[in-house]
Every structure is written in structure tokens, then in C-alpha cells.
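First up is the structure itself, then whatever we jot down about it.
The values are calculated or read from the model by the stated rules, or taken from the named source; none is laboratory data. Because the structure is a prediction, the values reported are computed rather than measured. Glycine gets a Cβ as well: all are built from the backbone with ideal geometry, and neighbour counts include every protein chain shown. Just the protein is used for accessible areas: all its heavy atoms, side chains included, with ligands, DNA and RNA removed. Shrake-Rupley method; radii C 1.70, N 1.55, O 1.52, S 1.80 Å.
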Amino acid sequence: MSTTALIVIAVLAVTLWFGIRWLFRSRSRYGGARTVTCPETKMPVIVEVDSLYTSLTSSTGSPDIRLEACSRWPLREQCGQECLMQLDVAPESCLVSGVLMHWYRDKNCVYCRKSFHELHWVDHRPALLSPDARLLTWNEVALNQLQTVLDTHSPVCWDCYIAQDFRQAHPDLVVFRPGRNEEARGVSLSRHH
């Protein structure tokens, strides 16, 4: 290969790397579900921005933001999408992850009673316990059910989610051994009988 061909390949590779990096950062900025107030009903709804389209249009200047999903769709899919004006003002403050962080902040794990000081959404996501004692991850929660879930479900830390999920999936492999507090309660109860 000639030197010119190698230089062209190197320039293309660097350009491609920077382009992919820019697209990833741009999509992460616009991506994610967000809560906004529906202009029609004046009630909170959950929307998702078409992050790929918005990222691509932002390369030519001001991004053209449009919705990809809304909790009121498909019934009201043809609305004017006036709620997008709220995203231009404060897009980061209405991320659903922010809503969830606020929800977990003053709560304790239903199993271990540990408080949620710091949440790790990338590798150790907290989970939920439904009223019928079913463990759920946030990937299993539909956007239009978010408020109902927050009102009815209990928080579960990542450690307890892993342990309880394993216990439910493999009950034959788990032996229950009460902790010291439970043993102490058992001893004190047996003395009173």
C-alpha cells in the first residue's frame, strides 16, 4: 500500500471514531424517558424523544426534537406535541431516572432495611417488590405504568434483589438460616412459651 492510501485510511478511521463518539454522546443527551405535563390534560405524562433523529439534526445546528413515544399514545398520537417546549427549558431535570432517584431517596429496602444513599443505574440498579410479592426490575415496568408502580410497589436494593431472585428461581438450593436478630427473637419467644 502506498503512503497516501494509509493516510486516507487513518483519516477515515479517526473521523469515524469521532463521529461515533459524538453520536453516542448526543443520543445519550436526548435519550431516555422524561416526565412532562401534558398541555391538554394538565397531568404528568411520560415521553421519549426520538434520540437518533434529534442527534442527527443537531449536527446542522439547533436540534429538531420530536417524540418517539408517549404514555397517552396510541390514542392521542396525532397531538401537536406542545409538551416538547418543556424539554427545551429543562431537559435534564425531568428525566425519569431523576424521578426514580427522588422516589428511592427517603426509602429503605423492604428486605434488609438498608437506605438508598447512592443509586447505581448502570451496574447495580435497585428493583421493586409488587404488592403480590413479585420481584421486578425497571426494565419490566411500562412507561405508562410508572406512577402506579411508584404508588403501589416497595423498593428493593440490588443485593436483596439478586438474593431473592435466586431464592425464588432455585428454592431447592437455598437453606434459610435466621440472622442473629431472628435467633434472639426465637430464643426470647421460646422462653415465654
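Listed values, structure above:
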{"item": "Ranked packing of 74-84, 6-16, most packed first, by mean Cβ within 10 Å", "result": "74-84, 6-16"}
{"item": "153, 102, ranked by accessible area, largest first (probe 1.4 Å)", "result": "102, 153"}
{"item": "Protection-proxy order for peptides 30-39, 107-116, each taking the mean of Cβ atoms within 10 Å per residue, highest first", "result": "30-39, 107-116"}
{"item": "Stretchable slack from residue 130 to residue 10, in nm (0.36 nm times residue separation minus alpha-carbon distance)", "result": "37.8 nm"}
{"item": "Nearest-0.05 FRET efficiency for residue 159 and residue 108, computed from C-beta distance (R0 22 Å)", "result": "0.95"}
